[in-house]
1. Against the longest principal axis of the chain, how steep is helix 27-44, in degrees 0 to 90 to the nearest 10, with axes from Cα atoms?
2. Who wins for biggest fluctuation among ALA43, ALA129, ALA115 in a Gaussian network model of the chain, springs between alpha carbons below 10 Å?
3. If r is the Cβ-Cβ distance from GLU65 to ARG125 and R0 is 41 Å, what FRET efficiency results, to the nearest 0.05?
4. Which whole-number value in Å² is the accessible area per residue of the chain, probe 1.4 Å?
5. What are the residues whose amide H is under 5 Å from the amide H of GLY90, where those residues sit 5 or more places off or on another chain and H is modelled from the backbone?
6. Roughly speaking, what is the stretch gain from GLU21 to ALA153, that is 0.36 nm per residue apart minus the C-alpha to C-alpha distance, in nm to one decimal?
7. Among PHE31, PHE87, PHE51, which one shows the highest mean-square fluctuation when the chain is modelled as a Gaussian network with alpha-carbon springs under 10 Å?
8. Connecting C-alpha atoms closer than 10 Å in a GNM of the chain, tell me which of LYS140, LYS101, LYS93 has the biggest fluctuation.
Amino acid sequence: AKKERLADFKEAERALKRSVELDPGSAEAHFLFGVAMGRIGQARGILKSLFLIAPIRREMRRTLELDPGHGGAHHVLGEILRQIPGFAGGSDKEGLKEFEKALEVSPRYTVNYVALAEAYLEEGRKEDARAVLRRALELKDPIDPGEHDRNVADARRLLEKAGP
C-alpha cells in the first residue's frame, strides 16, 4: 500500500540522514540518502515532490565528489533529468548523458543497460537501443544478480519493441 511504502521510505530517509551525519565522507551513505528521498518523491508523485529535486541532486553530486566512478549516482541523475518537467530542470538530453556515463562506469549493473536503451528508444535511436540491449543479454558476470533476471526480461521486451 502507498501509505505503508511512504512510511518505510521516510524511515529509511531518517536512518540514512543519520548515516550521512555520522560519516559525511561515505559516498554510499550520500547515495542511499538521495535514493530514499527519491523513493519518497516517487511515492508522492513527481509534481507533489518537486521540492526534493535539489536535495537529491545535491546528494548525487556529493556521491560523485567522493566516488567519481559511482554509476548509481549517474543513474539516479539520469532518472531525475528524464522524469521531471523541463520547467523544473528536466532534460532528456542531459538525462541520456547521465545514463551513458552510468553504463560506462558501471558496466556490470544490468539496470544501466535497460535505462539507457529506454532513453535511446524515446529519442528515436533504435539502433543504439538494440546495441545496448544485445550487450545486456551477453553480460555473463552481472554485479546485481538479484535484479539481473528482471533486467534481462526487460531487455528482451525492449529488444522486441525496438524491432529488427
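1. The angle comes out near 80 degrees.
2. Result for the chain, Cα springs under 10 Å: ALA43 fluctuates most.
3. Working: r = 31 Å, r/R0 = 0.75.
The pair GLU65/ARG125 has a calculated efficiency of 0.85.
4. Numbers: 9140 Å² over 164 residues.
I get 56 Å² per residue for this part.
5. Amide H neighbours of GLY90, under 5 Å, 5+ apart: none.
6. Details: separation 132, 0.36 × 132 = 47.52 nm, distance 3.88 nm.
The GLU21-ALA153 span can extend by a further 43.6 nm.
7. PHE87
8. Most flexible of the set in this elastic network: LYS140.
The values are calculated or read from the model by the stated rules, or taken from the named source; none is laboratory data. These figures come from a predicted structure and were not determined experimentally. Positions of Cβ are generated from backbone atoms using ideal geometry, with glycine treated the same way; all protein chains shown enter the neighbour counts. Heads up: the accessible areas ignore ligands, DNA and RNA and are worked out on the full protein's heavy atoms, side chains in. Shrake-Rupley method; radii C 1.70, N 1.55, O 1.52, S 1.80 Å.
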